[in-house]
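Data first, discussion second: the structure below is written as structure tokens.
The values are calculated or read from the model by the stated rules, or taken from the named source; none is laboratory data. Here the structure is a predicted model, which means the values were calculated and not measured. Cβ placement follows ideal geometry from the backbone for every residue including glycine, while neighbour counts extend to all protein chains displayed.
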């Protein structure tokens, strides 16, 4: 862990929330007001001969996609050595919360509720013209002040998909691109270094939901080639053995979409809703999530460093 500053600009650093190749994420508070709310500050180190492209893209997405499911920008700035964004503080990411559950997994109804919120989040993101390209439970988290609401975050690998002449005019697919994402959760299309579209984000969401409700994926811990081989060959019976039935329907629907297609978000949502209603569990839609019962899942001062890939 690098040295932690006491202050950055007008912000007092309270604790470290995470650290990666890009820089650090801190919990901060207004240095002149100890009664002010806590926020998250994302910091990127300035380097010679390199554009600050990760934080720049993050800022661009956050400025264009606001409201429910997304963090608000509170402040942005730079010093001689760093660029930073101050934003809404979140609770622990879903991968950490899952590991703290009994059996290291969420219940099927909870996994479906997570899916419902995230489908809405991706609909909003995609309609604004962006794709995420690194969808995983580590990039989804409940709000610290509003734990009933999930947030999608970390847009450093995102891409704007429309032509400059306006929304709705999709940029054509590139024939070969560098890999973007995380092998465990990415689509087969992304594995093969093909240009990603909106549907690839939803494949990442589906694989994330499977892990959240089963505790692991069949290819967890494997290298890229082995992971791709299993994703390609695995049967639905093997993949969805302990999952809600609706997840199979979601997979079948996603397989119908091509790069240029706008996914049918509302149909995907209804697949999850129908299963909950068919089980007579609609009351669960209004019940709190597991993490709302556990203060340690929301406390930024109890926030651990990101776990390594299992």
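Some points to look at:
- Wholly within region 76-170, strands (runs of 3 or more DSSP E) carrying at least 2 residues that are at pLDDT below 95: 82-87
- Lone unmet requirement of (1) in contact (Cβ under 8 Å) with a residue 12 or more places away in the chain; (2) surrounded by 13 or more Cβ atoms within 10 Å (Cβ to Cβ) for residue 7: (2)
- Whichever residue in region 47-69 is part of a loop (DSSP other than H, G, I, E, B) and touching a strand residue (DSSP E or B) at 6+ places or on another chain (Cβ under 6 Å) and, among such residues, is modelled with the lowest pLDDT: 52
- Every residue from region 10-46 that is assigned to a loop (DSSP other than H, G, I, E, B), surrounded by 13 or more Cβ atoms within 10 Å (Cβ to Cβ) and without any contact (Cβ under 8 Å) to a residue 40 or more places away in the chain: 31, 36, 46
- Hits in region 80-90 (condition: within 14 Å of residue 23 (Cα to Cα) and loosely packed, with under 13 Cβ neighbours inside 10 Å): 81
Table: residues versus (1) in a loop (DSSP other than H, G, I, E, B); (2) exposed (fewer than 15 other Cβ atoms within 10 Å of the Cβ); (3) in contact (Cβ under 8 Å) with a residue 24 or more places away in the chain.
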position: 248; (1), (2), (3): no, no, no
position: 251; (1), (2), (3): no, no, yes
position: 256; (1), (2), (3): yes, yes, no
position: 260; (1), (2), (3): yes, yes, yes
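- Breaking point among (1) assigned to a helix (DSSP H, G or I); (2) under 14 Å from the mean Cα position of the chain (by Cα); (3) farther than 19 Å from residue 105 by Cβ, for residue 199: (2)
- Considering 213, 243, 193, the condition of being surrounded by 16 or more Cβ atoms within 10 Å (Cβ to Cβ), assigned by TED's automatic domain parsing to the domain that holds residue 112 and either assigned to a helix (DSSP H, G or I) or without any contact (Cβ under 8 Å) to a residue 40 or more places away in the chain (or both) is satisfied by 213 alone.
- Every residue from region 216-228 that is in a helix (DSSP H, G or I) and surrounded by 14 or more Cβ atoms within 10 Å (Cβ to Cβ): 227, 228
- Single unsatisfied condition, residue 67 versus (1) touching a residue at least 12 places away in the same chain (Cβ under 8 Å); (2) out of contact with any helix residue (DSSP H, G or I) (no Cβ under 7 Å at 6 or more places or on another chain); (3) surrounded by 13 or more Cβ atoms within 10 Å (Cβ to Cβ): (3)
- Taken together, 82, 114, 119, 131 contain a single residue that is assigned by TED's automatic domain parsing to the domain that holds residue 272 and farther than 26 Å from residue 214 by Cα, which is 131.
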